[in-house]
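Everything below concerns the one structure shown next.
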Amino acid sequence: MQSDKRKDERYEDIGRVEAPELCVFPGVLQDISMLGCRVRFPMEFDPDMEMDIEMRVIPAHKRTLQPISLIGHPMWVRHDDNSTEIGFKLLRSPDSRELHQYVQRLALAEAEFEEEEEMLALCAAI
């Protein structure tokens, strides 16, 4: 799926994703937004594309201490190197408020990083 077709910006992040009804092994969060996320699981399988999946996202950041309980609907699947990558549309979830705070933190961190990059570029040009 191309990022220019998205309704909101995805933020790259890493974290553990537990979805036991989907895969016995935890997945790795690749990116996330308020409306969706991408997760890579360490084995090949074909998910039920009609089923809503309960997931626990455990962000790697120490600022986020609690796992975030989300409900996702698989939108696409890709198999690669003995793994399965799934794009989820996020539905109204028990921890939607926590997800909003988490995405806001990621957006702020990205904005700060971009500002630092611009400052470094200006200093290098001098």
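The values are calculated or read from the model by the stated rules, or taken from the named source; none is laboratory data. It should be emphasised that the depicted structure is a prediction, and the values quoted were computed from it without experimental measurement. Neighbour counts are summed over all protein chains in view; Cβ atoms, including those assigned to glycine, are modelled from backbone coordinates with ideal geometry. Accessible surface is based on the protein model in full, side chains and every heavy atom, while ligands, DNA and RNA are left aside. Shrake-Rupley method; radii C 1.70, N 1.55, O 1.52, S 1.80 Å.
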Worksheet, complete the sentence: Using a 1.4 Å probe on heavy atoms of the protein chains only, the accessible area for F45 in Å², nearest 10, reads 30 Å²
Response to the item:
Here the net charge surrounding S93, from other residues whose Cβ is less than 13 Å away from its Cβ (Lys, Arg +1; Asp, Glu -1), is 0
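Quick check on packing: order 49-56, 9-16 by the mean number of other C-beta atoms within 10 Å, highest mean leading. Could you put the intermediate results ahead of the total?
Details: 49-56: 14.9, 9-16: 16.4.
Descending packing order for the listed peptides: 9-16, 49-56.
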